[in-house]
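Data block below; observations after.
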Amino acid sequence: MPSPRDRAMRAIGGGMFACWALTLAVFRPGFAMFDTLVQYRQLLSGQFDDWHPPAMARAWQALAPLGHGQAPLFVVQVTFYWLGIALLAMALARGGRWRAGVALGLIALLPPFLGWQMAVLKDAQMAGALLAATGVIGAYRLGGARPGALGWVGAGLLLLYAVLVRANAVFAVAPLVAMLVPLGWRGRVAVALGGMVAAIALSPAINHRIFGAADSGVVRTQPIYDLAAIAVRVPGAATGLAPGAVMQMRARGCVKPYFWDSLSDSGPCGGDVAPLVAMPPAKLELLWAGAIVSHPLAYAVHRLAHLNSTMRWLVPYRWPGAAPPLMSERNDLGLGSPGRVARAWQRLAGYAVETPLGWPFAWLGLALAGLVALGRSEGRAAEVARALFVSALGGEASFAVVSIASDLRYHLWMMMAAAIGVAIGWPALDRRRWRIGVALVALACIPAIAARIALPLPPQTYAGMLG
């Protein structure tokens with residue numbers, strides 16, 4: 001006769017399978033957004049570039065015979081998502097913590113999380129792959145075992161895919177791996193730093209030589225964004241931009257905390273930054289580094305303004321880029337949209353993202369509070385939770401330096417990792433420290449609420465934000 005723990009584990013496993021099947025049924029074939037269409041056109045033409053992740057396009061190409069349009073990749077990311085949740089939840093149930101397993105299922109059903117996971121985008125692909133890899137390794141660790149060779153290979157491939165589909169992913173993946181491997185602190189620091197350096201150094205070669213992607217110039221976007229910001233703040237700064245161009249950018253308000261798009265080829269100030277676009281990458285990066293060193297205050301003000309925007313702290317109500325899509329982008333490629341039930345769910349998610357559930361700064365605060373509350377706690381749950389918190393914090397820290405847009409989906413993994421880490425690590429959290437941390441997060445929400453009340457409503461279209 002099965003034990004109560006076995007019955008709980010089977011019940012949770014069955015519930016997760018039902019959620020997976022229901023998700024596929026309700027949200028098929030997934031939402032196709034602008035980026036999705038661009039990659040699908042590359043797939044059809046056989047011509048790939050690195051503006052969007054070549055790893056995702058090649059994976060899509062390999063899966064294309066299995067179904068039309070975005071459906072194959074949609075099935076993959078939904079499967080990764082629920083697999084990771086199921087493995088962790090069943091491991092918790094096996095250890096007698098069935099309530100924590102149920103909590104993971106509820107976290108996965110949070111409208112902002114599930115809503116964005118239904119969009120066939122690199123961010124959802126990254127989150128799904130990371131969650132599945134964490135499920136594989138974390139399930140073993142929660143059970144007091146180490147993954148075998150097959151487990152490490154499977155998790156390793158998922159982690160590699162996550163790194164290749166999102167520019168900031170390595171800053172979350174490397175700390176996650178470092179915290180889950182059985183090493184001392186020095187070894188973990190070495191693994192994290194080594195992983196970051198290796199990924200940054202090797203990713204271009206993998207994209208261009210292995211995946212055959214053309215150089216789109218995407219690496220220039222970050223330097224151009226930061227140089228333009230320094231130029232409009234510091235008259236005469238050595239940024240490679242003509243004084244007249246700087247005056248034009250300042251007059252048109254083209255350097256925006258929200259995103260860099262006003263400086264793109266199609267933006268109102270694209271011509272003003274043309275000399276930087278034409279500059280060799282090595283020269284551009286030297287100019288970028290020199291401007292930062294020469295004008296650290298202007299650079300810091302710019303980066304903090306953007307960080308505030310992407311973290312959605314002191315921003316107006318309905319700051320764009322938060323709500324998951326209601327339907328696929330119009331297209332002539334035959335990429336369809338989910339039905340009415342899915343759209344109703346997305347509307348619910350659209351309301352939820354205007355609450356702290358959709359505020360990255362609040363989730364970041366919970367991750368930090370959880371890490372502090374864990375302290376030096378030992379044990380399997382503390383180990384896995386600590387890895388999730390460190391991964392969330394590492395990934396988010398990168399946005400202070402490497403980020404050019406403010407879409408909520410960029411923070412999907414961090415928000416999930418923070419929530420899952422709290423559920424898994426709950427028994428090991430120091431309650432006093434945790435309450436203090438939550439209180440501080442609540443205090444940080446007060447000025448956020450005030451900003452949403454006091455600041456004027458921003459434009460609600462892309463063209464309006466482009467200005």
- Task: Take the residues in the range 22-47 that are within 23 Å of residue 340 (Cβ to Cβ) and β-branched (Val, Ile, Thr), then tell me which one is surrounded by the most Cβ atoms within 10 Å (Cβ to Cβ).
- Result: 36
- Item | Count - residues of the range 192-229 that are of a type in the set (D, E, K, R) and not in a helix (DSSP H, G or I) | 1
- Report yes if residue 189 is open to solvent by 30 Å² or more (accessible area, probe 1.4 Å) and either modelled with pLDDT of 95 or more or within 13 Å of residue 395 (Cβ to Cβ) (or both), otherwise no. no
- Of the residues 131, 150, 158, which single one is open to solvent by less than 10 Å² (accessible area, probe 1.4 Å) and under 30 Å from residue 98 (Cβ atoms)? 131
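Yes/no matrix, rows are residues, columns are (1) modelled with pLDDT under 95; (2) part of a helix (DSSP H, G or I); (3) not aromatic (Phe, Trp, Tyr):
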residue	(1), (2), (3)
64	yes, yes, yes
74	no, yes, no
78	no, yes, yes
104	no, yes, yes
- If only one of 223, 235, 275, 257 is open to solvent by 50 Å² or more (accessible area, probe 1.4 Å) and within 16 Å of residue 402 (Cα to Cα), which one is it? 257
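Okay, residues lined up against (1) part of a helix (DSSP H, G or I); (2) touching a residue at least 60 places away in the same chain (Cβ under 8 Å); (3) under 24 Å from residue 92 (Cβ atoms); (4) under 20 Å from the mean Cα position of the chain (by Cα):
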| position | (1), (2), (3), (4) |
| --- | --- |
| 129 | yes, no, yes, yes |
| 132 | yes, no, yes, yes |
| 140 | yes, no, yes, no |
| 146 | no, no, yes, no |
| 151 | yes, no, yes, no |
| 160 | yes, no, no, yes |
| 167 | no, yes, no, yes |
| 176 | yes, yes, yes, yes |
- Message: I'd like to verify a number: residues in the range 410-434 that are in a helix (DSSP H, G or I) and open to solvent by 20 Å² or more (accessible area, probe 1.4 Å), how many?
- Response: 9
- Task: State all residues of the range 286-302 that are assigned to a helix (DSSP H, G or I) and touching a helix residue (DSSP H, G or I) at 6+ places or on another chain (Cβ under 6 Å); if no residue qualifies, say none.
- Result: 288, 291, 292, 298, 299, 302
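The values are calculated or read from the model by the stated rules, or taken from the named source; none is laboratory data. The structure displayed is predicted, hence computed values, not measured ones. Neighbour counts run over all protein chains shown; Cβ positions are idealised from the backbone, glycine included. Heavy atoms of the whole protein, side chains included, go into the accessibility calculation; ligands, DNA and RNA do not. Shrake-Rupley method; radii C 1.70, N 1.55, O 1.52, S 1.80 Å.
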